[in-house]
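The values are calculated or read from the model by the stated rules, or taken from the named source; none is laboratory data. A quick note: this is a predicted structure, and the numbers were derived from the prediction, not measured. Cβ coordinates were reconstructed from backbone atoms using ideal geometry, including for glycine residues, and neighbour counts include every protein chain displayed. To get the accessible areas, we keep the full protein, side chains included, count just its heavy atoms, and leave off ligands, DNA and RNA. Shrake-Rupley method; radii C 1.70, N 1.55, O 1.52, S 1.80 Å.
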Amino acid sequence: MADITELSYIISDKNRIVFAPAIEEKFLSDTLGRKKGNASALVFPVSTDEVSAIARFAYKNGIPLTPRGAGTNLVGSTVPHDGSVIVDFSLMNHILEIDKENFTAWVEPGVILEDFQKHVESLGLFYPPDPGEKRASIGGNISTNAGGMRAVKYGVTRDYVMALEAVLSDGRVIQVGTKNRKDTTGLDLKDVLIGSEGTLALITKCLLRLVGKPEKSLSLLVGFSSLKAGIEAVPQILKANLNPTALEFIERKVIKLGEDFLKLRFPADYEAYLLLTFDGSTEEINSSVKKLKTLLSETAEEIITLEDTELSQNVWRIRGCLVKAVEAVSEQEPLDIVVPIARVADFVAFVNKLEQKSGMQMISFGHAGDGNVHLCVVRGTRSEEAWEKELHDNLSELYAEARALGGLISGEHGLGTSKRDFFFAETPAVNVELMNSVKLAFDPKRLLNSNISYVK
């Protein structure tokens with residue numbers, strides 16, 4: 001059996017290595033803090049060479065590794081297991097290069113999304129991926145292929161990753177992808193790594209695609225008499241080719257939780273809302289807003305143009321805090337189900353019926369423009385036993401309905417450990433077999449995050 005303290009020869013700085021039982025609890029879980037794992041050591045590497053050396057040590061001795069970014073994951077992907085070594089990338093947080101001529105940036109995986117976006121925007125550039133958790137790390141975003149509110153126009157994280165440097169489980173360092181915009185030279189191994197939740201390799205550098213910063217951005221809040229009316233307006237907006245940057249749906253009862261949590265107020269009271277953003281030139285935005293007002297003149301109760309910067313920021317802050325607002329009231333299970341855009345209204349109607357039938361509160365909101373329905377399934381006062389049973393039963397119904405509508409159990413949070421049983425229940429055996437074959441090709445000893453769902 002390996003002496004885990006031998007890691008000290010690799011990470012000689014005692015401030016960058018912690019051994020059990022001195023590891024803080026927050027490193028043994030995800031952002032919700034309910035699933036607890038166990039680890040033998042926690043290391044904070046500062047270079048690819050250190051990550052490679054850690055992987056070689058773990059491979060030689062059969063020790064699992066659990067990669068960790070900012071710890072904002074919601075589905076247990078950062079929960080260590082079997083006495084693993086947690087590899088925390090928070091100190092690998094440098095922007096290494098901004099290439100303005102080629103619209104690219106090399107960054108380390110621990111760079112925080114919000115910080116990176118502010119930096120590139122100060123240079124007149126723009127990094128579009130915009131998941132709700134702005135303090136997540138770039139490496140974490142890539143590992144889950146994070147989407148977010150701007151996906152309806154700009155796409156998801158995968159669309160902005162051009163190359164990766166990564167360490168395999170045996171310590172070998174690979175680079176996949178290039179600065180070239182086109183590539184048909186073999187299988188795209190980069191895309192295999194994106195969204196793999198740390199099960200295939202340890203990402204150490206990321207080459208990201210940038211675009212020009214839009215001249216202007218403007219948000220609008222549209223009030224409706226019912227959620228049904230609001231969601232049914234979404235296909236009309238998309239068919240009209242208005243090209244919104246963001247297109248969110250929210251119920252009044254959900255907004256109330258966000259208002260109470262932040263001590264802020266929405267500018268109007270309606271049963272439901274669509275929250276949109278347009279960006280581009282002033283002329284383009286004005287044209288889109290005019291078309292929107294004409295399009296929704298008979299179905300919307302009110303269309304509020306959020307010209308005031310502070311008001312606009314507060315509205316988006318309320319939208320962005322909803323999961324945390326629910327969590328402040330009760331334990332809950334946050335879901336990120338995705339269905340075809342045209343079936344969002346059908347799925348939300350099913351959620352409301354299930355809520356009435358089960359008596360379990362279900363708070364829905366999300367990215368109407370790409371079919372990503374976020375749900376907070378709320379525990380309330382249920383005992384641990386009742387919560388566990390009823391949650392499982394309701395999740396089974398929710399995921400079954402999503403599947404029946406042509407949807408999937410995860411749009412952007414990933415699978416982690418939370419969705420393991422549901423993943424195997426609905427994924428064809430041949431697909432699972434192929435995924436595991438890929439896993440074994442990258443990680444033959446199954447040492448990297450092998451408690452994640454698709455590994456059987």
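Numbers for the structure displayed
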read-out: Scan of region 74-85 for residues that are β-branched (Val, Ile, Thr) and closer than 21 Å to Ala146 by Cβ, ordered by number; value: Val75, Thr78, Val79
read-out: Among (1) in contact with a strand residue (DSSP E or B) (Cβ under 7 Å, 6 or more places away or on another chain); (2) small (Gly, Ala, Ser); (3) free of Cβ contacts under 8 Å to residues at least 24 places away in the same chain; (4) closer than 18 Å to Gly140 by Cα - the single one Ala105 does not satisfy; value: (3)
read-out: Residues satisfying the stated conditions in region 82-126, i.e. among the charged types (D, E, K, R) and at negative phi; value: Asp88, Glu97, Asp99, Lys100, Glu101, Glu108, Glu114, Asp115, Lys118, Glu121
read-out: Selection count, region 112-138, where residues are over 23 Å from Asn372 (Cβ atoms) and either touching a residue at least 60 places away in the same chain (Cβ under 8 Å) or not aliphatic (A, V, I, L, M) (or both); value: 8
read-out: Criterion (assigned to a strand (DSSP E or B), among the charged types (D, E, K, R) and out of contact with any Cys (no Cβ under 6 Å at 6 or more places or on another chain)) met by exactly one of Asp421, Asp393, Asp336; value: Asp336
read-out: Condition check for Leu296: within 26 Å of the chain's Cα centre (by Cα) and either in contact (Cβ under 8 Å) with a residue 24 or more places away in the chain or surrounded by fewer than 22 Cβ atoms within 10 Å (Cβ to Cβ) (or both); value: no
read-out: Number of positions in region 238-286 that are small (Gly, Ala, Ser), open to solvent by 10 Å² or more (accessible area, probe 1.4 Å) and touching a strand residue (DSSP E or B) at 6+ places or on another chain (Cβ under 6 Å); value: 1
read-out: Of the criteria (1) in contact (Cβ under 8 Å) with a residue 12 or more places away in the chain; (2) assigned to a strand (DSSP E or B), which one Glu97 fails; value: (1)
read-out: Test: Val120 is assigned to a helix (DSSP H, G or I), surrounded by 17 or more Cβ atoms within 10 Å (Cβ to Cβ) and out of contact with any Asp or Glu (no Cβ under 6 Å at 6 or more places or on another chain); value: yes
read-out: Single residue of region 1-44 satisfying the filter (among the acidic types (Asp, Glu) and in a helix (DSSP H, G or I)) that is farthest from Lys134 (Cα to Cα); value: Glu6
read-out: Odd one out for Glu385, checked against (1) under 20 Å from Val326 (Cβ atoms); (2) modelled with pLDDT of 95 or more; (3) open to solvent by 10 Å² or more (accessible area, probe 1.4 Å); value: (1)
read-out: Close pairs from region 321-343: first under 21 Å from Ala146 (Cα atoms), partner surrounded by fewer than 16 Cβ atoms within 10 Å (Cβ to Cβ) and small (Gly, Ala, Ser), Cβ under 6 Å, at least 6 apart; value: Pro340/Gly406
read-out: Residue match in region 365-374 (condition: modelled with pLDDT under 95, surrounded by fewer than 21 Cβ atoms within 10 Å (Cβ to Cβ) and in a loop (DSSP other than H, G, I, E, B)); value: no
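So that you can scan it fast, the table gives a plain yes or no per residue for (1) among the basic types (Lys, Arg); (2) modelled with pLDDT under 95; (3) farther than 15 Å from Leu168 by Cα:
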site	(1), (2), (3)
Leu32	no, yes, yes
Val43	no, no, yes
Val46	no, no, yes
Glu50	no, no, no
Ile54	no, no, no
His94	no, no, yes
Glu108	no, no, yes
